[in-house]
Amino acid sequence: MSISTSLDGRVQSHTRAHLSESRARVASMLGDIVEDRSLGARLWSTDDVEYLNCGGYGTLLLGARHPRVVDAVIAQLGRHPVSTRTLLEPRVAEAAAALAARLPDPLSKVYFGASGTEATEAAVKMACSAGHHRLIGASRGYHGKTLGALALTANPSYQNPFRRLFTAATTVPYGDVQALSDALGDDASDACVVLEPVQGEGGVVLPPRNYLAVASALCRQRGALLVIDEIMTGLGRTGLMWESERDAVDADIVLVGKSLGGGVIPVSAAVATPRAFRAFDIDFGIHTSTFSGAPLGMAAACAALEVIDDEKLVARSARTGGRLLDELRILTADLGTVEVRGRGLLIGLDFGDAGTAGRFLLALLDRRVVANHSLNASPVVRFTPPATMTEADVDWMLTAVGDALRETFSKGHR
């Protein structure tokens, strides 16, 4: 038995015994592939098979192990990896200033977490502490699965087992301004609206033109607090630094995550106006976490923000994403049941049913390309490749998608 085979067996066994049996079953459906190492847009399994990673659930805008991010983390590791949480720490201060500088005024106050759901939790607490306890979200919205975030994640399969522990948000159809207006009411001074500028886990759903601008104006006119969730879309993923830039959005809080850690360390943030952040300013102890703003994550975030600027990743996302969307529409033109949607390098293929989407994902994996299903839209396969992908990577992805589509829709498969 080879070393890799022995290792794979242990990984499979430990996953089933100590992590989750359902996770192990899904892995078995995918061939029990065990990932081992990664670089850029590529990853390798333990048996040294090379894959193109167009998944990662949006975390790898810079690709895997970007050298500048890795070097920054290693340097911080050699100097000061964990803070006292008592004294002032320079890296978190630098990261907060760097992130705030990339957002419009008056978004200037930052709370750091590790995962996107932590950013949502912080935003919900900011809203509640300011009197905005009536939460309004959108159908198919996804904002995390911890209790505060789960109130806004409109999926009964995630919410139902825990209904006694939280009050679900009012849910309105995404993109429906009238429904939002009705939910707000004439006086919405007790309301907090949470929206994604493009729904990621909802199946890469693009809103109608000016939807966010009108939603923002409604919130402002009626006194509601507005949270824009840019965890999936922000930092250049969609071809703009912030997807909400497309509309005149006046947000009170913006959520950031996924690529903020540069694909090396998990980092998220809730960036707020001084008004929305007031309770956290008055008493920083109202919402704390031992590893919030940890030096290693902050070193990664600072480096990631610099790389996004220096390597022009926003423009590269727009350019590469535009090409991919054009080519994917050509590949699916004769398949009337497949819809291609996307902005920049956030791309979804909607197959209309979960079974077809699943067969396509497996066919794609057979061609050594990794993509993701959408948690709130099982018929949609999602691509979130790095902005650093090469022409060879693009060609590989398009060839694999074309071949996988032909296999999926071959006679007898539908």
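Computed from the coordinates by the stated procedures, all read-outs in this text should not be read as laboratory data. The model shown is predicted, which means the values in this text are computed figures rather than measured ones. Virtual Cβ from ideal backbone geometry, glycine too; neighbours counted across all protein chains shown.
Find out how many positive minus negative residues lie around Gly293, taking Lys and Arg as positive, Asp and Glu as negative, among other residues whose Cβ is under 14 Å from that of Gly293. Spell out each step's value before the answer.
Numbers: positive: Arg85, Arg91, Lys109; negative: Glu89, Glu94, Glu118.
After counting each charged neighbour, the total is 0.
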- Yeah, region 67-310 with a ≥ b ≥ c from its alpha-carbon gyration tensor (a/c under 1.5 is rounded, else prolate when a/b outruns b/c, oblate otherwise) is prolate
- GNM on the chain, C-alpha springs below 10 Å: top fluctuator among Tyr211, Tyr158, Tyr57? Tyr158
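Report the net charge of residues surrounding Ser268, where surrounding means a beta-carbon distance below 13 angstrom and charges are Lys +1, Arg +1, Asp -1, Glu -1. Walk me through the numbers before you get to the answer.
Values: positive: Lys258; negative: Glu118, Glu121, Asp229, Glu230.
Local net charge: -3.
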- Task: Below 27 Å Cα-Cα, how many Lys pairs turn up in the chain? Only count pairs eight or more apart in sequence, or on different chains, if you could.
- Result: 8
- Could you point to the residue in Leu43, Leu195, His14 farthest towards the positive end of the chain's charge dipole, with +1 and -1 charges on the Cβ of Lys/Arg and Asp/Glu respectively? His14
- Message: Explain nothing, just compute: Karplus ³J(HN,Hα) = 6.51 cos²θ - 1.76 cosθ + 1.60, θ = phi - 60°, for every residue of region 229-240 in order, whole Hz, x for Gly and Pro.
- Response: 8, 9, 4, 7, 8, x, 6, x, 3, 9, x, 10
- When the Cα centres of region 140-168 and region 291-354 are compared, how far apart do they sit, in Å? 26
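Hey, fewest Cβ within 10 Å first, where do Ile282, Ile33, Ile231 land in order? It would help to have the intermediate numbers written out before the result.
Working: Ile282 10, Ile33 17, Ile231 29.
Final ranking by Cβ density, sparse to dense: Ile282, Ile33, Ile231.
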- Query: What residue among Met29, Met389, Met241 has the largest mean-square fluctuation in a Gaussian network model of the chain, using Cα springs under 10 Å?
  - Reply: Met29
- Signed unit charges on C-beta, dipole axis of region 116-268, positive-most listed residue Val267, Gly144, Gln159: Gln159
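When DSSP beta bridges are limited to those with both residues in the chain, what percentage is antiparallel, rounded to the nearest 5? Can you show the working numbers first?
Working: 30 of 45 bridges.
Restricted to the chain, the bridges split so that about 65 percent are antiparallel.
Can you tell me how much longer the chain between Arg209 and Glu35 gets when fully stretched, taken as 0.36 nm per residue apart minus their C-alpha distance, in nm with one decimal? Display every interim value, and only then the final one.
Working: separation 174, 0.36 × 174 = 62.64 nm, distance 4.06 nm.
Between Arg209 and Glu35, full extension yields 58.6 nm more.
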- Message: Going by amide H atoms built from the backbone, whose H comes under 5 Å of the H on Ala138, apart from near neighbours?
- Response: Val172
- For region 65-102 and region 194-263, what is the separation of their C-alpha centers, rounded to whole Å? 26
- Message: Apply the Karplus curve 6.51 cos²θ - 1.76 cosθ + 1.60, θ = phi - 60°, to the phi angles in region 93-100 and return the couplings in whole Hz, x for Gly and Pro.
- Response: 5, 5, 5, 4, 5, 5, 6, 4
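If R0 is 45 Å, what FRET efficiency do you get for Leu147 and Asp309 from their C-beta distance, rounded to 0.05?
Details: r = 36 Å, r/R0 = 0.80.
Efficiency, rounded to the nearest 0.05: 0.80.
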- Note on the structure: Surrounding charge for Pro197, neighbours by C-beta under 12 angstrom, Lys/Arg +1, Asp/Glu -1, total -3
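What is the magnitude of the charge dipole of region 114-208 about its Cα centre, with +1 placed on the Cβ of each Lys and Arg, -1 on the Cβ of each Asp and Glu, and no other charges, expressed in debye to the nearest 20?
Details: 6 positive and 9 negative charges, 81 e Å.
Computed about the Cα centre, the dipole is about 400 debye.
Compute, for region 67-310, the length of the dipole vector about the Cα centre, with Cβ point charges of +1 (Lys, Arg) and -1 (Asp, Glu) only. Units Debye, rounded to 20. Don't skip to the end; give the middle numbers.
Values: 20 positive and 25 negative charges, 106 e Å.
Rounded to the nearest 20 debye, it is 520 debye.
Taking only the Cα atoms of region 155-270, how large is their convex hull per residue, in Å³?
On the way: hull volume 14.5 nm³, N = 116.
Hull volume over Cα atoms, normalised by residue count, gives 125 Å³.
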- Express as a percent, rounded to the nearest 5, the fraction of DSSP beta bridges in region 67-310 (both residues included) that run antiparallel. 45
- For the chain, with equal point scatterers placed on the C-alpha atoms only and solvent neglected, what are the log10 I(q)/I(0) values from the Debye formula at q = 0.07, 0.08, 0.10 1/Å, to two decimals? -0.33, -0.44, -0.70
